[in-house]
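The values are calculated or read from the model by the stated rules, or taken from the named source; none is laboratory data. Note that the structure is a prediction, hence the values are computed from the model and not measured. Cβ sites come from the backbone with ideal geometry, for glycine too, and all protein chains shown count toward neighbours. Ligands, DNA and RNA are excluded from the accessible area calculation, which covers all protein heavy atoms including side chains. Shrake-Rupley method; radii C 1.70, N 1.55, O 1.52, S 1.80 Å.
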Amino acid sequence: MKSWKPTWKQEKYLYVLALPGLLYFLIFKYIPLWGLSLAFTEYSPYLGLFKSEWVGFKHFQSFFANPDFWLLFRNTLAISFLNIILFFPMPIIIALLLNELKNATFKKWVQTSIYLPHFLSWVVIVGICFLTLSGSGIINKLVVESGGQAINFLTNPETFWGILTAQTIWKETGWGTIIFLAALASINPELYEAAKIDGANRWKQMLHVTIPGIKGTVIILLILRLGQVLDIGFEHIYLMSSSAVTEVADVFDTYAYRVGIQNGRFSFATAVGIFKSVVGLILVLLADRAAKKLGEEGVY
C-alpha cells in the first residue's frame, strides 16, 4: 500500500488551502444531517433529541393529509416553473449578447451594471417594488395623473407570480451570466475561424458553434436547478406575502415557518424540509438519467 506521507509533503499547501472549505461542509452540511431525525420524533426542547418520543412517519402523514397540501404544492411548482421557463434562459441570452460585443469597455460597463442587483438584499428589492407598484407608488401616480384608475399590483393574486418572477430576473440574471460567459470563453477560437471560412455569418456562428459549445454547461445547470424545484426562497416569498394574496403566495417554505417554527412544531417543519429534499433528489436523478440517454454527460 502506497504511503500517504510523500503525497502530503508534496501537496501540503493545497491541502491547507482546501481545509476551510472542507471544514465548512463538515460543520454546516454533514454534522447537521443528524438533525433530520427530528422528523421522526415528537421533539421537545426539554427532553432533547435523544430522549424525545419516536413517532415514525406521523408528521409526514399529517403533512400529506393536510387539506392545504395540494394548494402549497401548486403554488410552489407554479412559481418554480415560471422561474425555470422565464428566468433560467435569461442569463444564457444575456451572455450570448455580451459575447457578441466587440467594445471591451462598453462590455465591462454592461456586465458591472447587471451584476449590481445581485448584491442587494431581498428586503431592498421588495422595498423598491413597494415604492414603485403600491397604490401610492410611482406607477399608479402616473396612471392617476393620466386620468386612469390605480391598479392593485401587490394585492392582486393574478399578478403576484408575475411580479415574483420579474424580481428574480432583475436581481439574478446578471450574476447568472458569469458561468455562461466562462463557458463561452472556453470555446476554441479556431472553430469560429473555420466557420468564417465556410461562409457562416455571425448568426450562423452562434447557432452552430457558440450554442453547441455551451450546451453541456446549460444541461448541467438545468439538472441542478431541477433539484431546487421546491426550494424557491423563503425570504423573497415571505416579504412579498400579504393576506390578500395568501391563496397564491403560500408555499412549503412559508408554511413550514408558520405552522412548524412559529408554533414550536420543529419535527413537523423538519418533515416538510425532508419532503422537499427527497423530491429534489428524485428530479435530479431522473433528469440526469434522461440527459445521459440523450447522449449528454449529465452530473453523475
> Going highest first, how would you order 84-91, 131-138 by mean Cβ packing within 10 Å?
Replying inline: 84-91, 131-138
>> Let me make sure I get this right: for segment 180-274, a, b and c are the square roots of the gyration tensor eigenvalues over alpha carbons, sorted descending. Under 1.5 in a/c it's rounded, otherwise prolate if a/b > b/c, else oblate. Which is it?
In response: prolate
> Per residue, what accessible area does segment 118-200 have, given a 1.4 Å probe and all protein chains present, in Å²?
Replying inline: 59 Å²
> By how many nm would the segment from Val278 to Phe57 grow when fully extended, if each residue of separation counts as 0.36 nm and the alpha-carbon distance is taken off?
Replying inline: 78.1 nm
> Lys215: which lysines have alpha carbons under 30 Å from its alpha carbon, excluding same-chain residues fewer than 8 sequence positions away?
Replying inline: Lys102, Lys107, Lys108, Lys171, Lys196, Lys204, Lys276, Lys292, Lys293
>> Could you tell me the relative contact order of segment 159-300? Use alpha-carbon pairs under 8 Å, at least six residues apart, and round to a whole percent.
In response: 26 percent
> What length, rounded to one decimal in nm, is gained on full extension from Lys29 through to Tyr115, with 0.36 nm per residue of separation minus their alpha-carbon distance?
Replying inline: 28.1 nm
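May I ask for the longest run of the chain untouched by trypsin sites (Lys or Arg not before Pro) that are loop-located per DSSP and have at most 13 neighbouring C-beta atoms (other than their own) within 10 Å?
Here the longest run is 103-300.
Helix-only mean residue ellipticity at 222 nm, the chain, DSSP H runs n ≥ 4 weighted -39,500 (n - 2.57), per residue, nearest 500. What is it?
Numbers: 17 runs with 190 residues, N = 300.
When only DSSP H runs of four or more count, the value is -19500 deg cm²/dmol.
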>> Across segment 24-87, what fraction of all alpha-carbon pairs, as a whole percent, falls in each successive 5 Å bin from zero upward?
In response: 4, 15, 13, 13, 14, 18, 15, 6, 3, 1
>> Quick check: at a probe of 1.4 Å, how many percent of the accessible area of segment 1-101 sits on carbon and sulfur atoms?
In response: 73 percent
>> With the crude spin-label approximation of a point 7 Å out along Cα→Cβ, what separation in nm comes out for Glu193 versus Ala104?
In response: 1.9 nm
>> If I stretch the segment between Ala65 and Ala185 completely, what's the gain in nm (0.36 nm per residue apart, minus their alpha carbon distance), one decimal?
In response: 38.1 nm
>> Given a Förster distance of 41 Å, report the FRET efficiency between Asn201 and Glu11 from their Cβ-Cβ distance, rounded to the nearest 0.05.
In response: 0.25
> Can you pull out the chymotrypsin sites (Phe, Trp or Tyr not before Pro) in segment 28-71 that DSSP calls coil and that have at most 12 other Cβ atoms within 10 Å?
Replying inline: Tyr46, Phe57
